[in-house]
Amino acid sequence: MNIAVLMLVVGEFEGAELSVASAQAYCTRHGYDLIVNRELIREEVSPNWNKILWLKAVLPQYDAVLLLDADTMCAGQDIPLEPFLSDGITASRISEGADKFCYGVVLFRNTAAVIELIDNVLTEPDAFLYLAGRQESEPFNRLLAKEGAPPVNRLPRHIFNAMYFRPFGYLKTNVTPETVFVHWAGGLKKDGAGGLMKEFS
Ligand SMILES: [Mn+2]
């Protein structure tokens with residue numbers, strides 16, 4: 001199975017290189033290709049929109065692609081992606097029992113239905129507004145709720161999208177031994193990077 005981890009790193013984003021190094025270690029360990037793009041395909045639209053454009057360009061060349069944000073870290077270096085693959089897409093539920101799921105760490109299988117879904121997201125009339133507003137999850141979640149959408153493997157949040165941040169100085173996290181990826185959602189503040197490095201490298 002041919003798997004790529006796809007990242008977009010643009011602008012000044014604190015913690016991004018930590019994210020890339022962590023993904024590189026993970027890919028090396030499991031034989032996946034790490035693809036780090038440092039350019040926008042279309043400069044006039046947001047990085048969130050460009051992540052989806054890069055996905056559209058890369059997915060046809062692989063059996064599966066993990067779209068990984070530059071504000072994530074691999075906490076489960078030993079855990080491979082293959083057991084999580086579905087015939088569609090794999091992502092973490094926003095909360096327990098919810099159908100919607102969060103973006104930032106999403107595994108896409110190369111199937112006709114998934115390629116069609118990505119095309120539909122990019123051509124949704126209001127997709128640009130959502131993507132410009134950094135809410136790429138909205139058009140995906142809406143289209144996945146429709147009949148004929150590709151299947152979704154909905155994981156509990158702590159698996160693929162565990163949190164790790166310090167809202168008021170104290171550590172807020174749901175990382176467990178099952179956690180593969182941690183998503184700190186934004187630039188790192190203060191000791192965030194140090195804490196992450198100590199725990200996960
Ligand atoms: Mn993110």
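Assorted remarks:
- Summing charges over neighbours of Pro60, with a neighbour being any other residue whose Cβ is under 15 Å away from its Cβ, gives -2 when K and R count +1 and D and E count -1.
- Global form of the stretch 1-68, assessed from the alpha-carbon gyration tensor, a/c cut-off 1.5: oblate
- Extension gain for the segment Glu39 to Glu17, taken as residue separation times 0.36 nm less the Cα-Cα distance, is 6.4 nm to one decimal.
- Helix-only arithmetic for the chain: the sum of -39500 (n - 2.57) across DSSP H runs with n ≥ 4, divided by the residue total, places the mean residue ellipticity at 222 nm at -9500 deg cm²/dmol.
- Once the Cα atoms are used to define both axes, helix 112-123 deviates from the longest principal axis of the chain by about 90 degrees.
- Unit charges at the beta carbon, dipole of the stretch 1-45: most positive-side option, Gly11, Gly31, Ile41: Gly31
- Exposed-site-free run, longest, the chain (rule: trypsin sites (Lys or Arg not before Pro); DSSP loop; at most 14 other C-beta within 10 Å): 43-133
- When the charge dipole of the chain is built from unit charges on Cβ atoms (+1 for Lys and Arg, -1 for Asp and Glu) and taken about the Cα centre, the candidate among Phe160, Leu81, Leu117 whose Cα reaches farthest toward its positive end is Phe160.
- Cα gyration tensor shape of the chain, rounded if a/c is under 1.5, else prolate or oblate by comparing a/b with b/c: rounded
- Considering only alpha-carbon pairs that sit under 8 angstrom and 6 or more positions apart, the relative contact order computed for the chain is 24 percent.
- Exposed-site-free run, longest, the chain (rule: chymotrypsin sites (Phe, Trp or Tyr not before Pro); DSSP loop; at most 12 other C-beta within 10 Å): 1-167
- Those GluC sites (Glu not before Pro) in the stretch 77-184 that DSSP places in a loop and that have at most 15 other beta carbons within 10 Å: Glu96, Glu147, Glu178
- Note on the chain: Lys pairs 8 or more places apart or on different chains, Cα atoms under 21 Å apart, count 8.
- Within the listed set Asn161, Asn48, Asn120, the Gaussian network model of the chain (springs between alpha-carbon atoms below 10 Å) gives the highest mean-square fluctuation for Asn120.
A short reminder: the numbers here are calculations on the coordinates, not readings from a lab. Note that the structure is a prediction, hence the values are computed from the model and not measured. Here the Cβ is made from the backbone with ideal geometry for all residues, glycine too, and neighbour counts use every protein chain on show.
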